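As structure tokens, the structure follows; a few thoughts come after it.
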Amino acid sequence: MKRTQREYKVIDFPPLTDEERATLERLDKIPDSKINFSDIPASKPNSNGGFYYIQALKMPKTDIHTKIDNDNLAWLKQAGKGYQARLNNVLRWARMNNCPITTL
């Protein structure tokens, strides 16, 4: 089986300054109930979880062959096209939220 890796340009953002980090930490402490969401556009019905920033990075991809349980595949496909992107987003969310993969 031939594996190919696609190369994409990744946006290289500069590191946050101490002031920016302090601002983000202050904002993170504000409860959701105190945030005015009225000027935020509604999410699209076919959105795949809101990973817009991550998708903008155009992450490099590697073609692989794997097997997936039918119930999981049906769940990913229930929203229509784009199930592979949704699978990547689920895996990325688990990784970014410290899912304990070694204990699964």
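Points to keep in mind about this one:
- Here the extension length gained between His65 and Ala22 equals 11.1 nm, from 0.36 nm per residue of separation less the Cα-Cα distance.
- Residues with amide H under 5 Å from that of Lys61, placed H, sequence gap 5 or more: Arg6
Where a number appears in this text, it was derived from the coordinates with a stated rule and is not lab data. All figures in this text were calculated on a predicted structure; none of them were measured in a lab.
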